[in-house]
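Engineer: What follows is a single structure, and I will ask about it in a moment.
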Amino acid sequence: MKKAVICGYYGKGNAGDEALLTTLLQMLPPQIEPIVLSNDPQETAKRHHVETCHSRSALKVLATLKQADLFIWGGGSLLQDVSSLASPLYYCALMRLSTQLGLKTIAWAQGIGPLNHSLTRFVSKSVLKKVSAISVRDDASAKLLSDWDIDSFIAPDPVWALESAKIGNISSLARCKVAVNLRPHEQMSQQALTNLAKALNLFSQTSETDILLVPFQASKDLAIAQSLSALLDVPHEIIQKQDPRELKGIFKQINMLIGMRYHSLIMAASEGALTFALSYDPKVDQLMQQAQIPGWKVAEIPSSAEQIAQSWLECYSNNQPLSKQQRELFCQRAYLHRELLFRFL
């Protein structure tokens, strides 16, 4: 057995990143023993039954790398400096250290950029030139690497291939269900939230549907879901699931998702639900193009609640979810990330 250190935004309670880890472990070759770097190693070990190491303990991380054979930098939009400079520099430092220690290093299922700062661009380029293999999940990332003369392999996000869990009825609500996933954003002001609530009330009353509010990261999304709940006067519930497979299973039981988070849209689309995006990030823009998802950028959401509700009603009444054939194709192509692991590990 070879040991592989797996690094990502794990143990932070973000359902999208936990789904990526679950999918990576699902795709990992059986002869590889994973050691996951996590901000909550006890919870990660309990959930996934793997060996873990605290991701912010430098001495423990160094000791873990020294006993490993492989390093997998696993999934997500981790190499971007919009949130902070610290995050991309941290992941680059780990990759540089792993290559210096002689570990075969793979950047897996990544979304590269935006990188607006000259320092993060320089460090990212120099580090990625030294890794063994790179897979990315969108054309923009592949183009950026190509501009740097770095080869990469492109396939849809691995969560398209995540196996959802069979769960019982998710809600006591009786009518057809529309899920809503919002996250904090500088342009998601209280006034904007109030406007969305008015639109949801109109939409729910006209379409005769009930509303499920689905936070993806409790530390950030739950408060906004609770604020939205207080503004709704139609039947609704807040639904939370910690297990990524169970979370994906929720979307088997809904008719439509109005979603901000990237992986909420993937989970809903892959389970056959209609999707409508509120995009806050270039990665969501890319996904909207890939999967033909209608929606708006957050900054371009109409100011009229009636106009918002009408657009949702048109999507609900006239649009079609991805066909079974289309969903299977996304899933099959997502498994190309698995082929990369088998090829290089």
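Engineer: Taking S317, is it under 17 Å from Q187 (Cβ atoms), loosely packed, with under 15 Cβ neighbours inside 10 Å, small (G, A, S) and over 18 Å from the mean Cα position of the chain (by Cα)?
Structural biologist: So S317 does not fit the description; no.
Engineer: Here are some conditions: (1) surrounded by fewer than 17 Cβ atoms within 10 Å (Cβ to Cβ); (2) closer than 26 Å to S264 by Cβ. K129 meets all but one. Which one does it not meet?
Structural biologist: Evaluating K129 over (1) surrounded by fewer than 17 Cβ atoms within 10 Å (Cβ to Cβ); (2) closer than 26 Å to S264 by Cβ leaves (2) as the failure.
Engineer: What are the residues in region 99-116 that are part of a loop (DSSP other than H, G, I, E, B) and either surrounded by 14 or more Cβ atoms within 10 Å (Cβ to Cβ) or modelled with pLDDT of 95 or more (or both), if any?
Structural biologist: L101, G102, L103, G113, P114, L115
Engineer: Now for a different question. Starting from residues that are aliphatic (A, V, I, L, M) and surrounded by fewer than 18 Cβ atoms within 10 Å (Cβ to Cβ), keep the ones in region 320-345 and report whichever is nearest to S189 (Cα to Cα).
Structural biologist: For region 320-345, the residue satisfying everything is L329.
Engineer: Considering only region 299-320, state which residues are closer than 30 Å to A142 by Cβ, out of contact with any helix residue (DSSP H, G or I) (no Cβ under 7 Å at 6 or more places or on another chain) and not in a helix (DSSP H, G or I).
Structural biologist: Across region 299-320, the qualifying residues are N319, Q320.
Engineer: Still on this model: Exactly one of these conditions fails for Q292: (1) at pLDDT 95 or above; (2) on the phi < 0 side of the Ramachandran plot. Give me its number.
Structural biologist: Going through (1) at pLDDT 95 or above; (2) on the phi < 0 side of the Ramachandran plot one by one, Q292 breaks only (2).
Engineer: Need at least 2 residues that are in contact (Cβ under 8 Å) with a residue 60 or more places away in the chain, surrounded by fewer than 19 Cβ atoms within 10 Å (Cβ to Cβ) and not aromatic (F, W, Y) per element, so show me which helices (runs of 4 or more DSSP H) inside region 209-298 make the cut, counting only ones lying wholly within it.
Structural biologist: Result: 218-231, 244-250, 282-291.
Engineer: In addition: Residue by residue through region 66-90, note down the ones that are surrounded by 21 or more Cβ atoms within 10 Å (Cβ to Cβ) and assigned to a helix (DSSP H, G or I).
Structural biologist: P88
The values are calculated or read from the model by the stated rules, or taken from the named source; none is laboratory data. On a predicted model such as this, the values are computed, not experimentally measured, just so you know. A quick note on method: Cβ atoms are made from the backbone with ideal geometry, for glycine too, and the neighbour counts reach across all protein chains shown.
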